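The values are calculated or read from the model by the stated rules, or taken from the named source; none is laboratory data. Remember, it's a predicted structure, so these values are computed and weren't measured experimentally. Counting neighbours? That spans all protein chains shown, and the Cβs are built from the backbone with ideal geometry, glycine included.
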């Protein structure tokens with residue numbers, strides 16, 4: 001039996017290396033003394049990463065993670081795998097995302113078993129694998145919680161009824177739930193030499209890697225929109241649970257390097273937030289620097305219960321004395337990153353374009 005943890009200085013494969021969580025995870029792994037090999041769809045467009053991360057980082061091209069044997073070459077000599085790449089399009093018509101996610105996950109696990117050098121594997125999941133939180137609606141998340149609502153609602157192709165964005169989110173939730181379930185089932189059946197775990201984050205805030213090259217992706221773009229004062233900036237992520245992106249990275253590292261972490265779902269939920277709380281912190285810490293953002297109607301708080309005790313324990317083991325980073329410290333890290341860059345030469349992402357379109361429509365209504 002191989003040891004089930006990556007040794008200090010070991011080589012870790014990070015998939016989807018140019019994503020928000022993945023890029024910060026790479027940075028944390030390197031800071032902690034590990035070597036990293038990152039996969040991207042295009043090595044040419046991501047060539048800046050080699051210069052940015054330095055000599056202990058290498059880049060490899062995997063054009064299609066859904067193709068059979070996609071990771072065979074990338075896994076040579078690898079000690080651990082952090083599979084963070086994910087389809088975030090949330091297309092309501094993409095029924096195939098569920099089977100694609102399952103296939104990609106199982107292909108990677110099979111390739112890891114063939115590679116023999118792999119000692120531990122961690123997959124990034126999502127709150128959507130457990131539940132689709134709605135403010136004011138009670139829910140409870142433990143390590144055995146699965147999103148039965150999403151799984152039930154996606155057994156047939158979308159009929160075009162209802163909110164297309166919500167159905168896209170539901171499909172995404174079903175893909176993450178089924179992807180996790182099938183991966184755990186494969187490991188239980190085949191009993192590979194490596195350990196296998198997952199990390200389940202909710203809304204991820206915090207610092208960002210090289211905005212000049214990446215822009216602000218995923219939820220990093222939400223706080224950027226708040227600072228710019230975009231109308232509707234808070235609409236994408238209503239009040240729920242937050243987590244600092246570096247804490248998410250450390251939980252991935254714990255899953256890869258702590259021997260006794262095997263077959264676990266690590267719930268990366270730090271605490272609840274409301275936008276009233278966030279705006280109070282931002283205006284207090286950055287007076288005159290934050291745009292005016294209104295909250296439509298009366299804000300409804302999240303009332304969910306989450307069992308995050310194991311993750312707190314592991315974060316302390318990884319050197320985080322208090323466990324999860326506080327909301328205020330997380331926001332300060334995020335805003336400091338944004339203000340330091342000042343919007344100069346920061347490329348726009350899909351979310352930027354969404355916010356700009358919302359602002360344009362609201363301006364037209366005023367006229």
Practice item. Would you mind telling me which numbered condition in (1) assigned to a helix (DSSP H, G or I); (2) surrounded by 15 or more Cβ atoms within 10 Å (Cβ to Cβ) residue 50 fails? Key: (2)
Check your understanding: Any residue at all in the range 88-110 that is in contact with a strand residue (DSSP E or B) (Cβ under 9 Å, 6 or more places away or on another chain), part of a loop (DSSP other than H, G, I, E, B) and modelled with pLDDT of 95 or more?
Key -> no
Review point. Which residues, taken from the range 272-292, are closer than 25 Å to residue 132 by Cα and surrounded by 15 or more Cβ atoms within 10 Å (Cβ to Cβ)?
Key: 272, 273, 274, 275, 277, 278, 279
Point to revise | Members of the range 179-214 found to be part of a loop (DSSP other than H, G, I, E, B) and touching a helix residue (DSSP H, G or I) at 6+ places or on another chain (Cβ under 7 Å), listed by number | key: 192, 194, 202, 206, 207, 208, 209, 210
Practice item. Quickly run through the range 47-68 and pick out the residues that are modelled with pLDDT of 95 or more and touching a helix residue (DSSP H, G or I) at 6+ places or on another chain (Cβ under 9 Å). Key: 48, 49, 52, 53, 54, 56, 57, 58, 59
Study note, to complete from the structure: The residue from 12, 26 that alone is in contact with a helix residue (DSSP H, G or I) (Cβ under 9 Å, 6 or more places away or on another chain) and in a strand (DSSP E or B) is 12
Check your understanding: Hey, among the residues in the range 221-248 that are part of a helix (DSSP H, G or I) and in contact with a strand residue (DSSP E or B) (Cβ under 9 Å, 6 or more places away or on another chain), which one's surrounded by the fewest Cβ atoms within 10 Å (Cβ to Cβ)?
Key -> 222
Check your understanding: Within the range 61-90, can you find the residues that are surrounded by fewer than 17 Cβ atoms within 10 Å (Cβ to Cβ) and either over 24 Å from residue 184 (Cβ atoms) or within 21 Å of the chain's Cα centre (by Cα) (or both)?
Key -> 61, 63, 64, 66, 73, 76, 77, 88, 89
Exercise for review: Output the residues belonging to the range 163-184 that are surrounded by 12 or more Cβ atoms within 10 Å (Cβ to Cβ) and farther than 20 Å from residue 96 by Cβ.
Suggested key: 184
**Study point:** Tally, over the range 35-78, of residues that are out of contact with any strand residue (DSSP E or B) (no Cβ under 9 Å at 6 or more places or on another chain) and on the phi > 0 side of the Ramachandran plot
**Key:** 2
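Any chance the range 251-268 includes a residue that's in a loop (DSSP other than H, G, I, E, B) and either within 19 Å of the chain's Cα centre (by Cα) or on the phi > 0 side of the Ramachandran plot (or both)?
yes
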